[in-house]
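Remarks on the structure that follows.
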Amino acid sequence: MNTSTSHDLFTRALPLMPGGVNSPVRAFASVGGEPFFAQRAEGAYLYDVDGNRYIDYIGSWGPMIAGHAHPKVIEAVMTTARDGLSFGVPNALEVTMAETLTRMVPSLEMVRMVNSGTEATLSAIRVARGATGRSRIVKLEGCYHGHGDSFLVKAGSGALTFGLPNSPGVPSALADLTLTLPYNDLDAATALFDAHGDEIAGLIIEPIAGNMNCILPREGYLQHLRALCTKHGAVLIFDEVMTGFRVAAGGAQQLFDVVPDLTTFGKIIGGGMPVGAYGGRRELMEQVAPAGPIYQAGTLSGNPVAMAAGLATLELVRQPGFHAELEARTHLLCDGLEQAAADAGVAVTTNRVPAMFGLFFTDQKVDTFTQATACNINQFKTFFHGLLKRGVYFAPSAFEAGFLSAAHSEEDIEATVDAARHAFREAAEA
Ligand code: PMP
């Protein structure tokens, strides 16, 4: 596979941008080698600047659930852009977006648009703190909520990949206000709330963790956290930046039937444009400026082009059978990967929900952070490169979930499993 143009671009980028990239995991630092540079994307495929095609299981890290460059999304963007890129006054698409989100996710009574998942989570904990008058927040080990100071404590995603779960630059006075819990440990949560319940403003969790690979909540776990927050007067925040509209039209909260007080979104609601949102119970959201005293603002928030891309994507997501079809394809892929690994004599296990999956190099079922981090990383790296050179792009980190889109056909999945058969054989020798 010729990747010389990507190599030249990366060589130019390295002295100019930290790690040569604008977001860490893209640099391939944890898997070795160099990233490829995208030329364009369509449906399930990414094409690099050297003309190579990859079946893409990242989908821009989540937004592309309808497939890359979906004609309806592109058309909505082009049509809207012709009327201007940003107005600084309200526009009708913002109202349609708020109506759409509150209809699709019943726990959202009010919503505020922002520009990234990071902004959404930062704002949500400000609301939790402002509304409760308390300072401490609780997060789960291995969960990632963007790069806000309060969240870079035992964080997942790139922070975990690069061994930087507690980042320098975060004042300890602030980090100390973040309490952490092991994911899926009910007793630890009870004990923490028993000890600190009246100091806790809120608990934030990925209701399905996707930033320490993919880990599902144990039966009753989210319900347990809901009960603890209610009992102790803390705000329960579901970070559905990844799971929102992906695992079900109403997100993980619909899948598990648990109602949070606040929810954060990103990725899919922007259809590939930079967007985030947070929302929830009216009495909380009415405390946000200018309706209330908790300040949060954004020059480009509610951007018309971003709203248009998001609305077009959400319309596709709402089509009958959309998630059922994706769920079937996710099973097809994960079953195929497990079989291919077994044939190659490599121990793997998968976790899956509709359109989202995790592949772990271990013979145990994984539902804790400790298990996720104990997997065979060397085998993962060999497997990753084995797929890449055969035109299949999985996340360049053992700690990221994989994503499917509606554009991934059964043929794409068969081709992926075929490539995986070879890659697992190579991994067996790693
Ligand atoms: N929360 C979750 C669950 C995420 O997965 C991410 C990003 N991967 C974020 C928050 C941060 O979103 P952004 O990168 O848009 O700031």
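Being away from the ligand (no atom under 16 Å from the Cβ) and under 20 Å from GLY402 (Cα atoms) narrows it down to one residue among ALA312, ALA249, ALA291, ALA297; which is it?
Among ALA312, ALA249, ALA291, ALA297, only ALA249 is away from the ligand (no atom under 16 Å from the Cβ) and under 20 Å from GLY402 (Cα atoms).
For GLY43, are the conditions met, namely being in contact with a helix residue (DSSP H, G or I) (Cβ under 9 Å, 6 or more places away or on another chain), of a type in the set (Gly, Ala, Ser), within 16 Å of the ligand (Cβ to nearest atom) and within 21 Å of THR416 (Cβ to Cβ)?
Considered against the rule, which asks whether it is in contact with a helix residue (DSSP H, G or I) (Cβ under 9 Å, 6 or more places away or on another chain), of a type in the set (Gly, Ala, Ser), within 16 Å of the ligand (Cβ to nearest atom) and within 21 Å of THR416 (Cβ to Cβ), GLY43 comes out as no.
Enumerate the pairs (first residue in the range 332-350 and hydroxyl-bearing (Ser, Thr, Tyr); second residue anywhere and at pLDDT 95 or above and assigned to a helix (DSSP H, G or I)) with beta-carbon separation below 8 Å, excluding pairs fewer than 6 apart on the same chain, so at least 6 apart or on different chains.
Matching pairs, first to second residue: THR349/GLU338; THR350/CYS334; THR350/LEU337; THR350/GLU338.
Restrict the check to the range 83-96 and report whether at least one residue is over 23 Å from GLN296 (Cβ atoms) and away from the ligand (no atom under 16 Å from the Cβ).
yes
Just name the residue that is surrounded by the most Cβ atoms within 10 Å (Cβ to Cβ) out of those in the range 17-37 that are among the β-branched types (Val, Ile, Thr) and within 16 Å of the ligand (Cβ to nearest atom).
Among those that are among the β-branched types (Val, Ile, Thr) and within 16 Å of the ligand (Cβ to nearest atom), it is VAL25.
Which of the residues that make up the range 312-321 are touching a helix residue (DSSP H, G or I) at 6+ places or on another chain (Cβ under 6 Å) and either more than 18 Å from MET113 (Cα to Cα) or aliphatic (A, V, I, L, M) (or both)?
Result: ALA312, LEU314.
For the range 183-236, enumerate the residues that are closer than 24 Å to GLY59 by Cβ and acidic (Asp, Glu).
The answer is GLU206, and nothing else.
Give me the pairs, please: first residue somewhere in the range 1-20 and closer than 19 Å to ASN52 by Cα, second residue anywhere and in a helix (DSSP H, G or I), beta-carbon distance under 7 Å, and either six or more positions apart or on two chains.
Matching pairs, first to second residue: PHE10/GLY20.
To keep it simple, each residue is scored yes or no on (1) in contact with a strand residue (DSSP E or B) (Cβ under 7 Å, 6 or more places away or on another chain); (2) closer than 19 Å to THR96 by Cβ; (3) without any contact (Cβ under 8 Å) to a residue 60 or more places away in the chain.
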| position | (1), (2), (3) |
| --- | --- |
| MET242 | no, no, no |
| ARG246 | yes, no, no |
| PHE256 | no, no, yes |
| GLY279 | yes, yes, no |
| LEU300 | no, yes, no |
| MET307 | no, yes, no |
| PHE322 | no, no, no |
| ALA328 | no, no, yes |
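Inside the range 117-231, counting only helices (runs of 4 or more DSSP H) that do not spill past its ends, which hold 2 or more residues that are of a type outside the set (Ser, Thr, Tyr), within 14 Å of the ligand (Cβ to nearest atom) and in contact with a strand residue (DSSP E or B) (Cβ under 7 Å, 6 or more places away or on another chain)?
Once the helices (runs of 4 or more DSSP H) in the range 117-231 are filtered for at least 2 residues that are of a type outside the set (Ser, Thr, Tyr), within 14 Å of the ligand (Cβ to nearest atom) and in contact with a strand residue (DSSP E or B) (Cβ under 7 Å, 6 or more places away or on another chain), what remains is 117-132.
Would you check which residues across the range 1-44 are aromatic (Phe, Trp, Tyr) and farther than 15 Å from LEU388 by Cα and list them?
Within the range 1-44, just PHE10 meets the criteria.
Can you tell me which residues in the range 407-430 are in contact with a Gly (Cβ under 6 Å, 6 or more places away or on another chain) and within 26 Å of VAL241 (Cα to Cα)?
ALA407
Within the range 123-130, can one find any residue that is among the hydroxyl-bearing types (Ser, Thr, Tyr), farther than 15 Å from ALA201 by Cβ and buried (at least 22 other Cβ atoms within 10 Å of the Cβ)?
Checked against the condition, which is being among the hydroxyl-bearing types (Ser, Thr, Tyr), farther than 15 Å from ALA201 by Cβ and buried (at least 22 other Cβ atoms within 10 Å of the Cβ), the range 123-130 yields no hits at all.
Going through MET64, MET110, MET104, MET97 one at a time, which residue ends up being under 20 Å from the mean Cα position of the chain (by Cα), in contact (Cβ under 8 Å) with a residue 40 or more places away in the chain and over 30 Å from ALA27 (Cβ atoms)?
Of MET64, MET110, MET104, MET97, the one residue that is under 20 Å from the mean Cα position of the chain (by Cα), in contact (Cβ under 8 Å) with a residue 40 or more places away in the chain and over 30 Å from ALA27 (Cβ atoms) is MET104.
So ALA131 ticks every box in (1) touching a residue at least 12 places away in the same chain (Cβ under 8 Å); (2) within 28 Å of ALA374 (Cβ to Cβ); (3) among the hydrophobic types (A, V, I, L, M, F, W, C) but one. Which box is left unticked?
(2)
Can you work out which of the residues in the range 157-188 that are in contact with a Phe, Trp or Tyr (Cβ under 8 Å, 6 or more places away or on another chain) and at pLDDT 90 or above is surrounded by the most Cβ atoms within 10 Å (Cβ to Cβ)?
TYR183
The values are calculated or read from the model by the stated rules, or taken from the named source; none is laboratory data. Owing to the predicted nature of the structure, the values given are computational and were not obtained by experimental measurement. Because the Cβ atoms are built from the backbone with ideal geometry, glycine has one as well, and the counts that use them run over all protein chains shown.
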